[in-house]
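Student: Could you have a look at this structure, given as structure tokens, before my questions?
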Amino acid sequence: MIVNSGVVRDPVHPEMYFIDGVVESVVLMLTGERAVMTSSVRPPTPGGSSLHPLGLARDYRTKYFIPSMQREIADKVREILDSRFDVVLEGPASPSPKYRDRVAHLHVELDVQ
Ligand SMILES: [Zn+2]
């Protein structure tokens, strides 16, 4: 996993490292590229997930992949993770209209609440 400079990785729920492993494997398998973590622990942002400040969400880069590959990555990560996790493809390639106006990335969160 490549981590963007400035990304605060800890403190997070230990399951975030399980997500890292799954995303790293899926991205490498499907694209031959290393996965890139673009965000983890951060202060609350308008419209952003409230789980980032709690260490329960991570973001990964998808923007350099074609739309069909972005969706394939999201689908495979979702297939491997169990139902405690939510996997959301954001950006123009998102299957959901409500996430299409965002910068392209894969958001994965653990719903422990
Ligand atoms: Zn996020």
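Every number here is computed from the coordinates shown, using simple stated rules; none is lab data. Keep in mind that this is a model prediction, so the values were computed, not measured. Here Cβ is always computed from backbone atoms with ideal geometry, including for glycine, and neighbour counts include all displayed protein chains.
Student: What's the center-to-center distance, using Cα atoms, between segment 76-93 and segment 23-60 in Å?
Tutor: 11 Å
Student: To continue, here is another question. Choose one answer from L56, L81, L89: the residue with the largest mean-square fluctuation in a GNM of the chain with alpha-carbon springs under 10 Å.
Tutor: L81
Student: Also, quick follow-up: Of S96, S40, S49, how do they rank once you tally other Cβ atoms within 10 Å and put the fewest first? Walk me through the intermediate numbers first.
Tutor: Working: S96 9, S40 22, S49 19.
Fewest to most other Cβ atoms nearby, the residues stand as S96, S49, S40.
Student: For the residues D86, D59, D111, what sequence is obtained by ranking on other C-beta atoms within 10 Å, fewest first? Could the numbers behind the result be given before it?
Tutor: Details: D86 15, D59 24, D111 11.
With the fewest neighbours first, D86, D59, D111 line up as D111, D86, D59.
Student: Taking the Cβ of each residue in R34, R42 as the centre, tally the other Cβ atoms inside 10 Å and list the residues starting with the fewest.
Tutor: R34, R42
Student: If you average 1/r over every pair of different alpha-carbon atoms in segment 2-110 and take one over that average, what Kirkwood value in Å do you get? Display every interim value, and only then the final one.
Tutor: On the way: mean 1/r = 0.0728 Å⁻¹.
13.7 Å is the Kirkwood radius here.
Student: Along the Cα-to-C-beta direction of I80, a point sits 7 Å from the Cα; which residues of segment 13-27 have their amide N less than 14 Å from that point?
Tutor: The answer is 16-27, whose backbone nitrogens lie closer than 14 Å to the label point.
Student: Restricting the count to DSSP beta bridges whose residues both fall in the chain, what percent are antiparallel, rounded to a multiple of 5? Intermediate values should be presented prior to the final figure.
Tutor: Details: 14 of 16 bridges.
In the chain, DSSP labels about 90 percent of beta bridges as antiparallel.
Student: Pull out a ≥ b ≥ c, the square roots of the eigenvalues of the alpha-carbon gyration tensor of segment 1-43, then state rounded if a/c is under 1.5, prolate if not and a/b is larger than b/c, and oblate in the remaining case.
Tutor: Working: a/c = 3.43, a/b = 1.59, b/c = 2.16.
Oblate, since a/c reaches 1.5 and b/c is not below a/b.
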